[in-house]
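In what follows, a structure is listed as structure tokens, so that the remarks can point back to it.
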Amino acid sequence: MDLIQKTISDLKLDKKYAERLEHPERVIEFTFPLRRDDGSVIFLTGYRSQYNSALGPYKGGIRYHPGVNREEVVLLSKLMTFKNSLAGIPYGGGKGGVSFDPNKISRAEIERVSREYVRNLFQLIGPDLDIPAPDVNTDAEMMAWMVDEYNRLVSKFEFATFTGKPVEFGGLKGRDEATGRGAYFIMLRGFALHKVAKTAKVAIQGFGNVGMHLARILHENGYKVVAVSDSKGGIYNEKGLDVPKVMEIKKSGKIVQEYKDAKKISNEELIECDCDVLVPAALDNQIHKDNASKVKAKYIFEAANNPITAEADALLAKMGVEVFPDVLVNAGGVSASYLEWVQNRKGEIYDYDKVVKKLKEVMDRAFDITFAEKTKQNTYREAAYRASIKRLAAAMKYQF
Ligand code: GLU
């Protein structure tokens, strides 16, 4: 029995809810041509999974990665369903992607991919239907190209169709750091509850949008970040890294291993490094049955989506490692997306302080409702799914 079936049965809910939540409502798959800068043409496959709409329009990011496939997109859209429910925002779950390596093509080619993606989907997305956002390897500028393409196709200014846009093009101040800041708010609650000292050693796998902002915010608030990594490898210093220096290196287009005052480690070694708190903030399935037993951290905060396999999750629970799940820890991004959507629809412009305040309220509430379901016997993931599924089932009751 998987976690959803188990939760539904524990909550004594009708099996029909489990069945609905095991399948996506709609999955769109398409192939389109990309004209390369040299005039040649290649074909790429794109996806959008619209998993569940009980709580509102589908919502979730679009990723560009060679590992993108139908199964992964569907799974990630399922996660978005539970995340959006837990965050208490009026959205169902969705996710999209295109399977290719954006590091191997030019920015102009990426713009063509982004516009093509929208041309294939525009009839099935919109502010009241499905609202995409950035995810792995997609950024604010790409959202700007997408919303511009969408507006042209529908002959309307529907900026609320995409979130995570540049601030000067309908975006929200603070959206870029929101996933990292949201994770920080959850870490603060977890640290307070489990009496984790400020001197704790924090290791972060990933230094992209999520990992970089989280490392910066932790550092600014006096926490010790001992390790970070990018796709080329990581760095470790038990005394703590000078995070602004690492950011400077990264922003100049170099890899984090150019930072001198640390030992070079691999991404695999980072997972097993000597630390108290581990934050996977990169890709999925990073902690699996072969390395879970080597994890030294007592606490894991999943800033990435699905970074721990089910087998590893069970092993970590046996080892007594407290895992704070992705649906809770990384809900800050989509919660700020919600504020951006409201801002666009109301024609308002929110200031940064208001965004941070609202984000903290959403994250604290999600933590509280998770904690209300936590017992000595269950994990934070099980507690989060109980809270999330209760809200989903209460809405689905009116659908079938
Ligand atoms: N890609 C982010 C996530 O996985 C944000 C999604 C959104 O803002 O819609 O939660």
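Which entries in K78/K195; K224/K260; K59/K165 show an alpha-carbon gap greater than 26 Å?
Going by Cα-Cα distance, K78/K195 fall outside the 26 Å limit.
Provide the gained length on full extension for the span N69 to A314, in nm with one decimal, where the gain is 0.36 nm per separating residue minus the Cα-Cα distance.
85.6 nm
Region 193-246: which trypsin sites (Lys or Arg not before Pro) are DSSP loop and have at most 15 other beta-carbon atoms within 10 angstrom?
Sites meeting the loop and neighbour criteria: K195, K198, K232, K239.
Rounded to the nearest 20 debye, what is the charge dipole size of region 153-222 about its Cα centre when +1 sits on each Lys and Arg Cβ and -1 on each Asp and Glu Cβ?
300 debye
What's the exposure ranking of W341, W145, going from fewest to most Cβ atoms within 10 Å?
Lowest count first: W145, W341.
Quickly work out the R36-to-H194 label distance, labels modelled 7 Å from Cα along the C-beta direction, and quote it in nm with one decimal.
4.8 nm
Of I62, L218, Y236, which is farthest towards the positive pole of the chain's charge dipole, taken about the Cα centre with +1 and -1 on the beta-carbons of Lys, Arg and Asp, Glu respectively?
Comparing the listed Cα positions along the dipole, L218 ranks first.
Size of the dipole of the chain about the Cα centre, Lys and Arg at +1 and Asp and Glu at -1 on the beta carbon, nothing else charged, in debye to 20?
With only Lys, Arg, Asp and Glu charged at Cβ, the dipole is about 800 debye.
Please name whichever of F207, F169, L188 sits farthest to the positive end of the charge dipole of region 153-207, dipole taken about the Cα centre and charges placed at Cβ: Lys and Arg +1, Asp and Glu -1.
L188
Could you compute the net charge surrounding F191? Neighbours are other residues with a C-beta less than 12 Å from the C-beta of F191; K and R count +1, D and E count -1.
Residues close to F191 contribute a combined charge of +2.
Students often get this wrong, so check it: of K360/K397; K245/K346; K6/K289, which have C-alpha atoms separated by over 28 Å?
Cα-Cα > 28 Å for K360/K397; K245/K346; rest within.
Report, in debye and to the nearest 20, how large the dipole of region 177-313 comes out about its Cα centre when Lys and Arg carry +1 and Asp and Glu carry -1 on their Cβ.
460 debye
Peptides 125-131, 5-11, 53-59: what's the order by average Cβ count within 10 Å, highest mean first?
The densest-packed peptide leads the list: 53-59, 125-131, 5-11.
Of V327, N306, A317, which is farthest on the positive side of the dipole of region 284-400, counting Cα position, with +1 on Lys and Arg Cβ, -1 on Asp and Glu Cβ, and the Cα centre as origin?
Of the candidates, A317 comes out farthest on the positive side.
Every number in this text was worked out from the coordinates using simple rules, so none of it is lab data. These figures come from a predicted structure and were not determined experimentally. Methodologically, a virtual Cβ is constructed for each residue, glycine included, from the backbone with ideal geometry; neighbour enumeration extends over all protein chains shown.
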